[in-house]
Amino acid sequence: MDYPRPCGCKGRRTCLSCEAEFGIVRSDFYTTFQDSESYVFCPRCSKIYPGWDWKKVLSEHVDIPQHGGAQGENYPGVYIDLDFLSTAEEEHLVQGLDELPWDISQSGRRKQNFGPKTNFKKTRLRPAQFAGFPQVTEFVQRRFAEVPLLANFQTIEQCSLEYAPERGASIDPHIDDCWIWGERIVTVNMLSDSVLTMSLYRCGDGKLKYNLHFLDQYRDHLLGQLMDEKTLLCHEHRIVRIPMPRRSLLVLYGSPRYQWEHSVLREDITERRVCLAYREFTPMYLQGGSEFKQSEDIFERAKQFWDHRSVQVDS
């Protein structure tokens, strides 16, 4: 069933609606991951500890001794700000986003995309109808400048994603495209706590997915180091659970960005969750890069913020 279904799913991606209507048996990543060694990333000490329940691991950080005296292991390439948004800011953001049209997406999600048109298979980029971003979200991008890791982050795509438990919303393990989207994967989480589940990516058939071969063109520009093969072998049968508490900011870069697939399990969506996902260009499309001529106009458009209450927005 590679063609889109009425719910928005296609291929192996499913939601509760199409599973019931077409009798589809979904990929059970939850059970698969339960059979792996599970670790939780603690955002307070930036180390991983054995466990599945991230709230339990986070509570153990304040115990004496912290984490039961366990030293934890390094898992570089993850930054979390637990208090990125205030309660009032979250309410203002979600109210504004809900005044904009939502489109159906795969795996039970809804989305709002603001960015250029990209064709990942043909590696083609064009501005299309991109005209900037909703003004209600402008302060979020401005605040990135206060985060040292994001000081020079130039937003090119902003995507609102809604996960609802009644639709069985989730997203399968994947790596964001590496031809066009740059190193830092930025997420602002709202309305409910959730968790990102990381699983090691292995190229079993010798063919790289996700346009990962483009990484060779900008490997020297990475902010975070990649894991060597010896370190990767230590993680071979592990998954790492990264908390995304309500109103927090999460940034993935380096190894978690390129060597690990990330997913949101259906079982981890218990209430409505809305997140803002931000993407930057790869170095080839930045000023001084070989493809900057293709992106120069897009950068100008990305400086614009419009009031959704006074501008007609196509659904």
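Considering only protein heavy atoms, what per residue accessible area in square angstrom results for region 187-287 with a 1.4 angstrom probe? Working shown, then result.
Values: 4140 Å² over 101 residues.
With all protein chains present, region 187-287 gives 41 Å² per residue.
Relative to the Cα centre, what is the charge dipole magnitude of region 222-309, using +1 at the beta carbon of each Lys and Arg, -1 at the beta carbon of each Asp and Glu, and rounding to the nearest 20 debye? Don't skip to the answer; put the middle values down first.
Details: 14 positive and 13 negative charges, 93 e Å.
Dipole of region 222-309, to the nearest 20 debye: 440 debye.
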Where is the GNM fluctuation largest for the chain (alpha-carbon springs, 10 angstrom cutoff): GLY182, GLY254, GLY96? GLY96
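Taking all protein chains as present, what is the carbon and sulfur share of the accessible area of region 101-157, in % to the nearest whole number, probe 1.4 Å? Don't jump to the answer; show the numbers that get you there.
Numbers: 1330 of 3020 Å².
Roughly 44 percent, rounded to a whole number.
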For ARG241, other-chain or 5+-apart residues with amide H closer than 5 Å (H placed, Pro excluded) are TYR39, VAL40, PHE41, MET198
Dipole moment magnitude, nearest 20 debye, region 13-110 about Cα centre, only Lys, Arg, Asp, Glu C-beta charged: 300
Report ³J(HN,Hα) in whole Hz for each residue of region 75-83, in order, from the Karplus equation J = 6.51 cos²θ - 1.76 cosθ + 1.60 where θ = phi - 60°; Gly and Pro get x. 9, x, x, 10, 10, 10, 10, 6, 10
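Taking the Cα centre of region 83-152 as the origin, how large is its charge dipole in debye, to the nearest 20, when only Lys and Arg (+1) and Asp and Glu (-1) carry charge on their Cβ atoms? Present the calculation step by step, with values, prior to reporting the outcome.
On the way: 10 positive and 9 negative charges, 180 e Å.
That gives region 83-152 a dipole magnitude of about 860 debye.
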Accessible area per residue for region 97-178 in Å², computed with a 1.4 Å probe and the full protein assembly in place, what is it? 44
If CYS275, CYS7 are ordered by their accessible area, calculated over protein heavy atoms with a 1.4 Å probe, which sequence runs from highest to lowest? CYS7, CYS275
Work out which trypsin sites (Lys or Arg not before Pro) in the chain are exposed loop sites (DSSP not H, G, I, E or B, at most 16 other Cβ within 10 Å) and give the longest gap free of them. 123-201
Using a Gaussian network model of the chain with C-alpha springs under 10 Å, which one of PRO101, PRO165, PRO43 is most mobile by mean-square fluctuation? PRO101
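Of all accessible surface on region 205-315 at a 1.4 Å probe, what whole percent is carbon and sulfur? Could the numbers behind the result be given before it?
Working: 2590 of 5760 Å².
It is 45 percent, rounded to a whole number.
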Work from the charge dipole of region 226-288 (Cβ charges, +1 for Lys and Arg, -1 for Asp and Glu, about the Cα centre) and give the residue of GLY254, MET284, VAL274 farthest towards its positive end. VAL274
For region 1-57, report the accessible area per residue in Å² (1.4 Å probe, heavy atoms, rounded to an integer). 58
Straight-line reach from LYS230: which aspartates and glutamates fall under 16 Å, measuring Cα to Cα and dropping same-chain residues less than 8 apart? GLU73
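Counting only protein heavy atoms and a 1.4 Å probe, tell me what percentage of region 2-66's accessible area is made up of carbon and sulfur.
Working: 2010 of 3930 Å².
C and S atoms contribute 51 percent here.
The values are calculated or read from the model by the stated rules, or taken from the named source; none is laboratory data. Note that the structure is a prediction, hence the values are computed from the model and not measured. A quick note on method: Cβ atoms are made from the backbone with ideal geometry, for glycine too, and the neighbour counts reach across all protein chains shown. We work out accessible area using only protein heavy atoms, side chains counted, and drop any ligands, DNA or RNA first. Shrake-Rupley method; radii C 1.70, N 1.55, O 1.52, S 1.80 Å.
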